[in-house]
């Protein structure tokens with residue numbers, strides 16, 4: 001009986017640790033040359049970017065890293081390399097609760113389009129927290145906010161044509 | 001430092017970052033007008049019975065609701081719908097439960113005053129006596145000239161409506177514990193349970209409540225100084241609350257389009273813990289009942305039910321967390337602030 005209770009407590013502790021870990025880093029995986037585990041410290045060392053959003057009259061300044069910079073670090077084809085079969089690639093962004101959205105690789109590439117898709121870790125100068133998660137996407141050029149994924153935990157790159 | 005300081009001659013006393021409400025050009029805000037509106041709002045001369053005022057159905061301690069499923073008018077007639085909160089009504093693009101054409105607080109004020117179906121304050125046919133009684137009031141002989149300094153004909157229904165609208169517009173709530181947590185940098189302002197509840201509220205895969213009750217006002221469509229027409233549009237949903245029989249068929253009562261049956265406005269969730277019972281007909285008594293209603297995907301099958309709703313699983317602990325989050329939206333200061341209290345007491 002005690003063994004079973006300790007096992008249950010151990011699993012619970014592991015689940016809590018997992019949940020905390022999921023919030024403190026982002027996994028970049030799938031069809032990438034270099035899988036990554038990124039923390040806020042890692043993002044702080046990368047080229048920083050900023051976007052301003054206006055939500056119901058309230059302005060927020062998000063800072064973080066352009067998503068294409070993250071893909072570049074993971075070795076995902078960009079610029080002149082993003083052609084042919086590689087254009088059938090997409091990125092699946094997943095939140096802690098399992099929510100998922102998709103971006104094509106081309107719509108993330110500044111060589112294709114002037115988009116602004118930010119992997120944000122601060123808002124108004126403070127680290128993201130609570131329901132925003134430690135990391136989120138900010139997609140200010142989308143009209144609805146549905147792809148501005150909060151509580152972001154995973155980025156999976158998928159190449160449909162190998 | 002506060003936002004919107006003294007804009008238009010009125011101090012909104014908003015925390016930094018919050019937008020100012022829009023103000024109609026023909027009814028600028030002033031402290032004197034808001035003060036007059038407060039006296040009128042709580043004045044029992046506002047009803048044909050002399051026993052009721054606006055404050056009878058919009059009680060400050062209940063975030064300007066009345067705690068009833070159906071409001072009761074001055075003649076005892078029951079309103080088919082529950083009294084809506086007046087908190088942050090200045091930010092509402094349309095007023096009442098299901099009338100997108102009613103966009104002016106000044107215009108809306110005439111409905112409870114003069115409406116006959118249902119009778120609310122019941123002043124129709126008694127307008128002259130009512131205005132005469134105001135003119136005779138010593139307090140008003142000072143308040144009306146201060147509120148409308150450039151007018152000769154002070155005691156009019158139009159000015160009464162303008163003053164009460166200005167008072168209602170001033171009832172702004174953005175200082176709940178959640179606000180201190182979310183925007184004020186105070187991580188201890190709400191409980192851990194409320195923090196967990198916020199995550200359920202904000203999860204598309206679980207509660208998803210934010211999809212209708214969105215933004216800083218936890219409401220549907222919103223208007224503020226400088227807002228676009230798009231931001232002010234929409235925000236009416238059928239959520240499978242009832243069978244939607246007349247006269248409670250929502251937007252349909254106005255449009256007569258079958259697809260509008262059951263569509264009602266998304267109200268703000270600010271102070272929701274003190275505004276029971278819930279929904280347009282007051283049919284859900286507690287926050288727990290509301291959560292269970294939505295967790296079931298809306299309890300009534302209805303062809304117009306919004307597709308946003310879908311059943312989701314909540315543990316008892318999740319439900320408690322969600323309730324704690326909703327309670328963190330209660331602005332205690334608003335419920336007792338003398339600026340909005342009854343001056344006749």
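Yes/no matrix, rows are residues, columns are (1) within 23 Å of residue B:175 (Cβ to Cβ); (2) buried (at least 21 other Cβ atoms within 10 Å of the Cβ):
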{"site": "B:207", "(1), (2)": "no, yes"}
{"site": "B:214", "(1), (2)": "yes, no"}
{"site": "B:225", "(1), (2)": "yes, no"}
{"site": "B:228", "(1), (2)": "no, no"}
{"site": "B:232", "(1), (2)": "no, no"}
{"site": "B:238", "(1), (2)": "no, yes"}
{"site": "B:241", "(1), (2)": "no, yes"}
{"site": "B:247", "(1), (2)": "no, no"}
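When the residues of region A:108-135 are filtered to those that are within 11 Å of chain B (Cβ to nearest Cβ) and surrounded by 14 or more Cβ atoms within 10 Å (Cβ to Cβ), which remaining residue is farthest from residue B:206 (Cα to Cα)?
That would be A:123.
Considering region B:219-256 alone, what residues qualify as being more than 10 Å from chain A (Cβ to nearest Cβ) and more than 25 Å from residue B:301 (Cα to Cα)?
Initial filter on region B:219-256 (more than 10 Å from chain A (Cβ to nearest Cβ)): B:220, B:228-229, B:232-256.
The answer is B:228, B:229, B:232, B:233.
Can you spot a residue in region B:152-171 that is away from chain A (no Cβ under 14 Å), modelled with pLDDT under 95, over 29 Å from residue B:256 (Cα atoms) and part of a loop (DSSP other than H, G, I, E, B)? Let's see the steps before the verdict.
To start, the set of residues in region B:152-171 that are away from chain A (no Cβ under 14 Å) comprises B:152-171.
Narrowing further to those that are modelled with pLDDT under 95: B:152-153.
If we keep only those that are over 29 Å from residue B:256 (Cα atoms) as well, we get B:152-153.
Then drop every residue that is not part of a loop (DSSP other than H, G, I, E, B), which leaves B:152-153.
The answer is yes, given that some residue of region B:152-171 is away from chain A (no Cβ under 14 Å), modelled with pLDDT under 95, over 29 Å from residue B:256 (Cα atoms) and part of a loop (DSSP other than H, G, I, E, B).
What number of residues within region B:218-241 are out of contact with any strand residue (DSSP E or B) (no Cβ under 9 Å at 6 or more places or on another chain) and closer than 18 Å to residue B:290 by Cβ?
1
Going by the conditions given, is residue B:197 touching a residue at least 60 places away in the same chain (Cβ under 8 Å), in contact with a helix residue (DSSP H, G or I) (Cβ under 6 Å, 6 or more places away or on another chain) and facing another protein chain (nearest Cβ under 10 Å)?
Numbers: touching a residue at least 60 places away in the same chain (Cβ under 8 Å): yes; in contact with a helix residue (DSSP H, G or I) (Cβ under 6 Å, 6 or more places away or on another chain): yes; facing another protein chain (nearest Cβ under 10 Å): yes.
Yes; evaluated as a whole, the condition is true for this residue.
Which members of region B:85-114 meet the condition of being modelled with pLDDT of 95 or more, closer than 23 Å to residue B:124 by Cβ and under 9 Å from the mean Cα position of the chain (by Cα)?
B:86 - this is the single residue of region B:85-114 that is modelled with pLDDT of 95 or more, closer than 23 Å to residue B:124 by Cβ and under 9 Å from the mean Cα position of the chain (by Cα).
Here are some conditions: (1) in contact with a strand residue (DSSP E or B) (Cβ under 6 Å, 6 or more places away or on another chain); (2) without any contact (Cβ under 8 Å) to a residue 12 or more places away in the chain. Residue A:118 meets all but one. Which one does it not meet?
Among (1) in contact with a strand residue (DSSP E or B) (Cβ under 6 Å, 6 or more places away or on another chain); (2) without any contact (Cβ under 8 Å) to a residue 12 or more places away in the chain, the lone unmet condition for residue A:118 is (2).
Per-residue answers, yes or no, for (1) touching a helix residue (DSSP H, G or I) at 6+ places or on another chain (Cβ under 8 Å); (2) touching a residue at least 24 places away in the same chain (Cβ under 8 Å); (3) assigned to a loop (DSSP other than H, G, I, E, B); (4) crowded, with 21+ Cβ neighbours inside 10 Å:
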site	(1), (2), (3), (4)
B:264	no, yes, no, yes
B:270	no, yes, yes, yes
B:293	no, yes, no, no
B:321	yes, yes, no, yes
B:324	yes, yes, no, no
B:344	yes, yes, yes, no
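I'd like the full set of residues that are within 14 Å of chain B (Cβ to nearest Cβ), surrounded by 16 or more Cβ atoms within 10 Å (Cβ to Cβ) and within 16 Å of residue A:145 (Cα to Cα), limited to region A:78-107.
Of region A:78-107, the ones within 14 Å of chain B (Cβ to nearest Cβ) are A:93-101.
With the extra rule that they be surrounded by 16 or more Cβ atoms within 10 Å (Cβ to Cβ), the set shrinks to A:93-97, A:99, A:101.
The answer is A:93, A:94, A:95, A:99, A:101.
Out of B:185, B:197, B:208, I need the residue that is at positive phi and within 27 Å of the chain's Cα centre (by Cα). Which one?
B:208
With the structure loaded, tell me whether residue B:29 is within 22 Å of residue B:70 (Cβ to Cβ) and in contact with a helix residue (DSSP H, G or I) (Cβ under 7 Å, 6 or more places away or on another chain) or whether it fails that test.
Numbers: within 22 Å of residue B:70 (Cβ to Cβ): no; in contact with a helix residue (DSSP H, G or I) (Cβ under 7 Å, 6 or more places away or on another chain): yes.
The answer is no for residue B:29.
The values are calculated or read from the model by the stated rules, or taken from the named source; none is laboratory data. Predicted model, so just to flag it, every value in this text is computed and none were measured. FYI the Cβ positions are ideal-geometry reconstructions off the backbone, even for glycines, and counts take in every protein chain you see.
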